[in-house]
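Worksheet for the structure shown next.
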Amino acid sequence: MSKVTTPAFRLTGKQREANRLLGDGQRHTLLRGGSRSGKTYLGVRTLVVRALKAPRTRHAIFRLHANSVWPSIGMDTLPAVVANEWPKLWPLIEAKKQDGYFLLPNGSEIWLGGLDDKARVDKILGREYATLYFNECSQIPYASVLVGLTRLAQKSALTQKALYDLNPTTTDHWSNQLFHEHRDPISRAPIPNPQDHASILMNPRDNEDNLDPAYLASLEALPEKQRKRFLDGEYVANIDGALWTLDALERCRVHEAPERLDRVVVAVDPSGASGKEDYRSDEIGIVVAGRSGRQGYALADRSMRGSPAQWARTAINAYHEFSADRIVAEVNYGGAMVEAVIKAEDPDVPVKVVTASRGKAVRADPIATLYDGEEPRVHHVGRFPEMEDQMCNFSTAGYMGSRSPDRADALVWAMTELMLGKKKLEHEFW
């Protein structure tokens, strides 16, 4: 092989952590996260290490498309990894491109294939392997993964391993169901061996030593949906009948609110938390919102876990910071306690308490309609990742998230007060 020159790549702390995970005993390991976080480098590196450790073993790297696996892996990542980690090894590796594999000096083989190329796949799957690596598996159907796994069967000194990496897509992707919900993506039943499926989150910020700062800045500037995927490495909720979508929220995003607002309120949705360490309880939703004319603005999310005195003080501080005209507090949890703890901290703060007589989704629906269309009536001043994630888990069938949507509930109470007129569903205490 010809000499390869490539900039030195140094493993960061997060990459060393992922490297240790790849060497643990589980059969299936997923590297998920944002773009250019080092996932493919580590996957290829692990596969080469295994091939060097066990002579005459076979290992395969799959992508969905055959026309991308050789340019991206065979001509780019694999040569770069070997040149960086084992500079003297690359000239000794023989490329058998016609047959679809690389031959290492110890007789081990690294096969490359696209799962959309039936002839090549049939040739590759006619063999058994000690390692399978599904690269960019956000694009690979689970049925294709299952077919590939039938060939993870070569007996050798190595334990058989399947590696996966992806920039996460939606929460209904098979990788999220299998590695994080520990459910079978087909039957949706719990998998019998959750300990055999491990994953780690790796993001570009964890790889700053190897990236140009301008690249990170370009990821920061992406629209919210793409930003969550390629920078934050997060799965995005994708549910039927969703009241909000990230695309809709992105259209509503502004950099600042009008200088003068007609009204500002702080909305509080309490929970049963007794302090910061009480993680069994849900958060206390505390959201600041304002109105200018017919336009509403989400200004701040101050949600927290804390004692009643702590969350009351946080809400009161927000009331003064934003020159609000009142605190709106939901009282289904704790009844009069909510109003009492606020008044105990500052008796001069006006409080309106509201009682939920309808379900969360029913209350949220009229607020969600204000986000619709090319000229929405509600805007988010900046980004509120946790609150917006809860919003995207609301559907016409109810709330689909794993915990209570306290942040989103507080937003709904605030916007109901500001945007839906004088509907009397509450009592006022002054």
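The values are calculated or read from the model by the stated rules, or taken from the named source; none is laboratory data. Keep in mind that what you see is a predicted model, and the values were worked out from it rather than measured. Note that we place each Cβ from the backbone using ideal geometry, even for glycine, and neighbour counts take in every protein chain shown. Accessible surface areas use protein heavy atoms only, side chains included; no ligands, DNA or RNA. Shrake-Rupley method; radii C 1.70, N 1.55, O 1.52, S 1.80 Å.
Observations
- Matching residues, the range 10-41, being under 23 Å from LEU112 (Cα atoms) and part of a loop (DSSP other than H, G, I, E, B): GLY23, ARG27, SER35, ARG36, SER37, GLY38
- Candidate set: the range 163-199, residues that are surrounded by fewer than 20 Cβ atoms within 10 Å (Cβ to Cβ) and either on the phi > 0 side of the Ramachandran plot or among the aliphatic types (A, V, I, L, M) (or both); chosen: the one modelled with the lowest pLDDT: ARG188
- Applying a threshold of 8 Å to beta carbon distances and a minimum spacing of six or more residues, or different chains, the list of pairs starting in the range 143-154 at a residue that is over 13 Å from LEU115 (Cα atoms) and ending at one that is among the β-branched types (Val, Ile, Thr) and modelled with pLDDT of 90 or more reads LEU152/THR131; GLN154/THR57.
- Checked against the criteria, ARG403 counts as within 13 Å of SER303 (Cβ to Cβ) and among the basic types (Lys, Arg).
- Selected residue (criterion: nearest to VAL378 (Cα to Cα)) from residues of the range 222-250 that are within 17 Å of the chain's Cα centre (by Cα) and small (Gly, Ala, Ser): ALA237
- Scanning the range 11-33 for residues that are surrounded by 22 or more Cβ atoms within 10 Å (Cβ to Cβ) and either under 27 Å from LEU146 (Cβ atoms) or charged (D, E, K, R) (or both) gives ALA18, THR29, LEU30, LEU31, ARG32, GLY33.
- Number of positions in the range 200-243 that are of a type in the set (D, E, K, R), open to solvent by less than 40 Å² (accessible area, probe 1.4 Å) and touching a helix residue (DSSP H, G or I) at 6+ places or on another chain (Cβ under 6 Å): 1
- Among the residues making up the range 142-153, those that are part of a loop (DSSP other than H, G, I, E, B) and open to solvent by 10 Å² or more (accessible area, probe 1.4 Å) are THR150, ARG151, ALA153.
- Matching entry among SER156, SER138 (being over 16 Å from VAL44 (Cα atoms) and open to solvent by 30 Å² or more (accessible area, probe 1.4 Å)): SER156
- Cβ-Cβ under 7 Å pairs, at least 6 apart or on other chains, the range 256-269 side closer than 30 Å to SER307 by Cβ, far side of a type in the set (Lys, Arg) and open to solvent by 10 Å² or more (accessible area, probe 1.4 Å): ARG263/ARG291; VAL265/ARG326
- Subset of the range 42-60 [outside any helix (DSSP H, G or I), in contact with a Lys or Arg (Cβ under 9 Å, 6 or more places away or on another chain) and not basic (Lys, Arg)]: THR57, HIS59, ALA60
- Those residues of the range 253-274 which are surrounded by 20 or more Cβ atoms within 10 Å (Cβ to Cβ) and at pLDDT 85 or above, in sequence order: ALA257, LEU261, VAL264, VAL265, VAL266, ALA267, VAL268, ASP269, PRO270
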